[in-house]
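Asks: To start, I am sharing the structure in question, which I have written as structure tokens.
The values are calculated or read from the model by the stated rules, or taken from the named source; none is laboratory data. Note that the structure is a prediction, hence the values are computed from the model and not measured. Cβ placement follows ideal geometry from the backbone for every residue including glycine, while neighbour counts extend to all protein chains displayed.
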Amino acid sequence: MQRANRIGWIEWARVLGAVGVVVLHVLTSSFMKVPEDISDARLAGYIVVSVVFGRWAVPSFFMITGYLLLDPLKELRWTRAWGYAKRMILVLLTFGLFFSLLEEVALCVNGGEPFSPRIVLRAVGDVLTASSWDHLWYVYALIGVYALSPIVRWVLDRLGKRRFATLTLILFVVVMVIPTGFRLWQGLYGSGVDVAPTGAVALLANIPIGLTCFCIGGCLRYWQPRRLLPVALVATACVGTMTAVGLMGLFVEGYGDMGFVYLQGSCFACIYAVCVLTMLRHTVGDGPMASDTIAARLAEDSFGIYVIHPLYVHIVLLVTNPLAFPPVLYEVAFVIIVLAISDLSTRALRHAPFIRTLL
């Protein structure tokens, strides 16, 4: 969007979402570096903060996309949708390939394998099979969402907002509620069957998740609650459920991994995202954000921050040990450093003739 046409609450959602994603990945990556040595109290704090600040962010990005593209006053042609999808494909062929090359080089160094052109071929294969860095699942899913968005718009125009909302609710139950309930049952009763998809299968599974959030975003345009208290209570219930399940899965003996209950496909994370966006829309409104603020800069750079920041998370963890620094202070400094460098990198890359069109 042009700066003059930007919507205030959406810009704040982008800012908070970008910060939330960085917080989430800083905490999860810090834990993964020292999983056996981290204290229970510190790990519990990671879980709580990750849920509160990070789990709503990516579902909300899909919802914002749906809110904007399903605007009844604007047309959504195939050429426009293809332009959006092509941009995501190019992001994967540049940043995704670069990340995959880094990973393949690291594997060669650690395994004592000599460098050869096969590294490039393996990296290309990683990108084509959605086996690149985990955070890029969002970009892969966006390609599918953009490709299907004109069909969604056609369905909305034919059904009307009420029947489209009903269809979206059915999609939400099938894609998110039932799988979340099944995985929750699986973790509680320890069936031992792991149905979590990986690789290319995960790519296909994430497209319906993104599409569901996209449709919900379109419905948000027509939903304006009179009071925020019920919305806040629902958000609190979702946060409490995700936090309790996360803590139980890690600390209560006999329960399996129930991470799916708070990951991107979770109905609780989706509902939490709806609540956060609704509260932002109600409190901030549509008025434009002041253009000369740090928040406006982060909003403009939010996609670039999302794509780039895991690289700096890995670099920081290569040179630091979370346990060697005071809790809280280390994590806060970590987040600020990654956020600042990712933003500066996004700004710098915009000077490159081709890359600037992607970020």
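Asks: Identify, by number, the condition in (1) in a helix (DSSP H, G or I); (2) touching a residue at least 24 places away in the same chain (Cβ under 8 Å); (3) more than 20 Å from Glu103 (Cα to Cα) that Ala333 doesn't meet.
Replies: Ala333 satisfies every listed condition except (2).
Asks: Tell me which residues, restricted to segment 36-72, are under 15 Å from Thr241 (Cα atoms), polar (S, T, N, Q) and in a loop (DSSP other than H, G, I, E, B).
Replies: Residues satisfying the conditions do not exist here.
Asks: Test of understanding: among Gly83, Gly187, which residue is among the small types (Gly, Ala, Ser), part of a helix (DSSP H, G or I) and touching a residue at least 24 places away in the same chain (Cβ under 8 Å)?
Replies: Details: Gly83 fails: touching a residue at least 24 places away in the same chain (Cβ under 8 Å).
Only one candidate qualifies: Gly187.
Asks: Take Leu277 and tell me if it is over 21 Å from Phe31 (Cβ atoms) and at pLDDT below 95. Full working, then the answer.
Replies: Working: over 21 Å from Phe31 (Cβ atoms): yes; at pLDDT below 95: no.
The answer is no for Leu277.
Asks: Among the candidates Ile271, Ile305, which residue alone is more than 26 Å from Ala41 (Cβ to Cβ), modelled with pLDDT of 95 or more and in contact with a Ser or Thr (Cβ under 6 Å, 6 or more places away or on another chain)?
Replies: After applying the criteria, what remains is Ile305.
One line per residue, one yes/no per condition, for (1) over 20 Å from Gly17 (Cβ atoms); (2) in contact with a helix residue (DSSP H, G or I) (Cβ under 7 Å, 6 or more places away or on another chain):
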site: Thr283; (1), (2): no, no
site: His309; (1), (2): no, yes
site: Val316; (1), (2): yes, yes
site: Leu323; (1), (2): yes, no
site: Pro327; (1), (2): yes, yes
site: Ala333; (1), (2): yes, no
site: Ala340; (1), (2): no, no
site: Asp343; (1), (2): no, yes
site: Ala348; (1), (2): yes, no
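Asks: Could you tell me which residue of segment 49-98 is surrounded by the most Cβ atoms within 10 Å (Cβ to Cβ), considering only residues that are closer than 30 Å to Leu121 by Cβ and touching an Asp or Glu at 6+ places or on another chain (Cβ under 9 Å)?
Replies: The qualifying residue surrounded by the most Cβ atoms within 10 Å (Cβ to Cβ) is Gly96.
Asks: Search segment 145-154 for residues being surrounded by 20 or more Cβ atoms within 10 Å (Cβ to Cβ) and in contact with a Leu (Cβ under 8 Å, 6 or more places away or on another chain), and hand back the single one that is nearest to Ser100 (Cα to Cα). Steps first, please.
Replies: In the first step, residues of segment 145-154 are kept if they are surrounded by 20 or more Cβ atoms within 10 Å (Cβ to Cβ); the result is 145-146, 149, 152-153.
If we keep only those that are in contact with a Leu (Cβ under 8 Å, 6 or more places away or on another chain) too, we end up with 145, 149, 152-153.
Details: Val145: 23, Ser149: 29, Val152: 33, Arg153: 35 Å.
So the residue we want is Val145.
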